[in-house]
Amino acid sequence: FFGQEQTKMLGTVQIWAKWLFYHPVVRLLTPVWLCILNVLIFAEDPAAESYCEFEIPFFGEAWSLVFLNYPSNGGLFFVKVLFWLIGIPLGYASGRLFHHKILRDCCHLRAFGWGESDVERQTKGSWTMQFIWIVLVLYVMAAIYNAIQDEVQLTMGMGMTEYTAARLLASLSWFLDTTQVFIITDEVLQQDFHAQRHEQSGGSWNDPEAVKNTALWYTGWSGPVGRFWHGKRRIVITWVLYVVVVVSMMFNLMIPFEGYDTLKSDPWGGTEISRCVIMGFIMMLNLIIPIQDWQFPTFDDPVFDVRLLGSELKEIKLNFLPEINCKCPCRLPSWLTTWNFHIYISGKWVNYGGILLAMCLDAIGLAGIVRYETYEFGQFINPSTGNHIWNIKNQDVCTEWRTKQLPIPESVWSTTDNRMMDVYFVDAGLAGRVLILLPYFLLVIGLIVYLVRHRDELGPSTEEMAWKYGGPPPPPEFLPFPPMQQVPPYPVLIAPPATPIW
């Protein structure tokens, strides 16, 4: 389809694009933009001022089963406690089984421990799956509890107002995003320190480390900062800057809502359309952060000695009690009879566990923006002020009209305490909001599929595959930067695998 020159140009553009996508500076800018957009969406979202009860589907019912809405009847009280005492261990065991048998052994996902020889490393990602399954099982138990009694029904309410929850979730989201900035900064500077030391020691692309490590393609990008970033001074500087930045961001969160009104101006407009656009970018950046990892999609540990943020640890290991083997006459699987009272979290799961939680928090905000209706949040439109949204400060009135699922009439809001917000409602409809968000998710899905399929065809991995199979490196004109020292001949460092690694 393409001629020789067009094919050569296309290959060069692909390598340039991939080299730029994985560049440390671009990786640092991604969470920085995420922090900025989270500030903007907090200012834009009218739900952040609502006095209605905060609700989360699925998680809200599980939360209510364990912490809220206990009945006065002693028998029902005992049943409710029994339900969550059964649900938590059952969810833990279900999550462990799903991780071991499906994600690891069946799907062969290396991010979840497949192919690891160490028994502890075979449990990578298990805590995340166990938490998800605990929530799902508790949700089912809450539904059963609601079906067998009518005295106290468990709902998705979290026992706090949208106003309070918005500030708590915004604080946690900003904290996680800021932490991600520091994690990526610390990681890429550590890798550049080792890459510069590798080059100064006479290392070349023929070394096993060079074959496996993408960091060497950006050797020296940080200059003297990378050479300085190691040892105790790395830890001290990281913690000082981290505390200062986090405290400053938490203090700024206490600014009244009116203080953010200066952010709402054209071309944003402050409507549900602009809010969908911002949330689309936020969700896209949340997904791009782990995609930009140099070990994506396998998330293998870096070849260079990289430590966790602000410490000398490579991973988290906590052993509480020795292994317990239950002697049972029945033939039960080992994952039921053998219990290891320890916690193991690999470095990659420590780094990206926070962004996974931030993604869940942003998904909650996204759901609220997509399904937004004024009466759902105790708000209304005053025709005399155009499309401005007004907020009612009476929680009882908010709850009443949310239950009725009807717009609040003028006879009600004209007699209650309310305030006009500098945001607008143009009634774009559910379909319009979904159409706005659809391109973002299609773009991310396409990017993931492309990078997974072409991981071994572009950029640094071309060098890796060339030496694995004994071939020469790509021509210099295909490289967007000067190649490192090449020492012919090119030996076969790693034998071709008998079966594909995927």
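The values are calculated or read from the model by the stated rules, or taken from the named source; none is laboratory data. All values derive from a computational prediction rather than experimental measurement. Glycine gets a Cβ as well: all are built from the backbone with ideal geometry, and neighbour counts include every protein chain shown. In case anyone asks, the SASA skips ligands and DNA or RNA and just uses the protein heavy atoms, side chains included. Shrake-Rupley method; radii C 1.70, N 1.55, O 1.52, S 1.80 Å.
Could you tell me whether the stretch 198-217 includes any residue that is part of a helix (DSSP H, G or I), modelled with pLDDT under 80, under 26 Å from residue 285 (Cα atoms) and of a type in the set (Phe, Trp, Tyr)? There is at least one residue in the stretch 198-217 that is part of a helix (DSSP H, G or I), modelled with pLDDT under 80, under 26 Å from residue 285 (Cα atoms) and of a type in the set (Phe, Trp, Tyr).
State whether one or more residues within the stretch 386-402 are farther than 24 Å from residue 168 by Cβ and β-branched (Val, Ile, Thr). The answer is no; no qualifying residue exists.
Number of residues in the stretch 273-316 that are part of a loop (DSSP other than H, G, I, E, B), touching a Ser or Thr at 6+ places or on another chain (Cβ under 6 Å) and of a type outside the set (D, E, K, R): the value is 2.
Got a number for residues in the stretch 81-126 being in contact with a helix residue (DSSP H, G or I) (Cβ under 8 Å, 6 or more places away or on another chain) and not hydroxyl-bearing (Ser, Thr, Tyr)? Residues in the stretch 81-126 being in contact with a helix residue (DSSP H, G or I) (Cβ under 8 Å, 6 or more places away or on another chain) and not hydroxyl-bearing (Ser, Thr, Tyr): 25 in total.
In the stretch 239-280, the qualifying residues are those that are among the acidic types (Asp, Glu) and more than 25 Å from residue 431 (Cα to Cα), and the one that is modelled with the lowest pLDDT is 258.
Given the residues 390, 401, which is the only one that is over 34 Å from the mean Cα position of the chain (by Cα) and aromatic (Phe, Trp, Tyr)? Exactly one of 390, 401 is over 34 Å from the mean Cα position of the chain (by Cα) and aromatic (Phe, Trp, Tyr), namely 401.
Taking the criterion of being surrounded by fewer than 18 Cβ atoms within 10 Å (Cβ to Cβ) and under 18 Å from residue 30 (Cβ atoms), the only residue of the stretch 341-353 that qualifies is 353.
One residue stands out in the stretch 1-36 among those that are modelled with pLDDT under 80 and not in a helix (DSSP H, G or I): the one that is least open to solvent (accessible area, probe 1.4 Å), namely 3. Being touching a Lys or Arg at 6+ places or on another chain (Cβ under 8 Å), basic (Lys, Arg) and open to solvent by 50 Å² or more (accessible area, probe 1.4 Å) is a condition met by no residue of the stretch 447-456.
When 225, 236, 181 are checked against the criterion of being at pLDDT 85 or above, under 25 Å from the mean Cα position of the chain (by Cα) and either surrounded by fewer than 18 Cβ atoms within 10 Å (Cβ to Cβ) or in a helix (DSSP H, G or I) (or both), a single residue qualifies: 181. State whether one or more residues within the stretch 37-55 are at pLDDT 85 or above, closer than 25 Å to residue 350 by Cβ and open to solvent by less than 70 Å² (accessible area, probe 1.4 Å). Yes: one or more hits.
Against the test of being surrounded by fewer than 17 Cβ atoms within 10 Å (Cβ to Cβ) and modelled with pLDDT under 90, the options 126, 117 yield a single qualifying residue, 117. Reported count of residues in the stretch 61-92, each being more than 10 Å from residue 138 (Cα to Cα) and within 24 Å of the chain's Cα centre (by Cα), is 1. Six or more apart or on different chains, Cβ under 7 Å: which pairs go from a residue in the stretch 394-423 that's without any contact (Cβ under 8 Å) to a residue 24 or more places away in the chain to one that's part of a loop (DSSP other than H, G, I, E, B)? Could you list them? Partner pairs satisfying both residue conditions: 397/378; 397/416. Taken over the stretch 371-428, residues that are over 20 Å from residue 159 (Cα atoms), aromatic (Phe, Trp, Tyr) and open to solvent by 20 Å² or more (accessible area, probe 1.4 Å) amount to 4. For the structure I just gave you, tell me whether residue 133 is at pLDDT below 90, closer than 30 Å to residue 160 by Cα, assigned to a helix (DSSP H, G or I) and open to solvent by 60 Å² or more (accessible area, probe 1.4 Å). Against the criterion (at pLDDT below 90, closer than 30 Å to residue 160 by Cα, assigned to a helix (DSSP H, G or I) and open to solvent by 60 Å² or more (accessible area, probe 1.4 Å)), residue 133 does not qualify.
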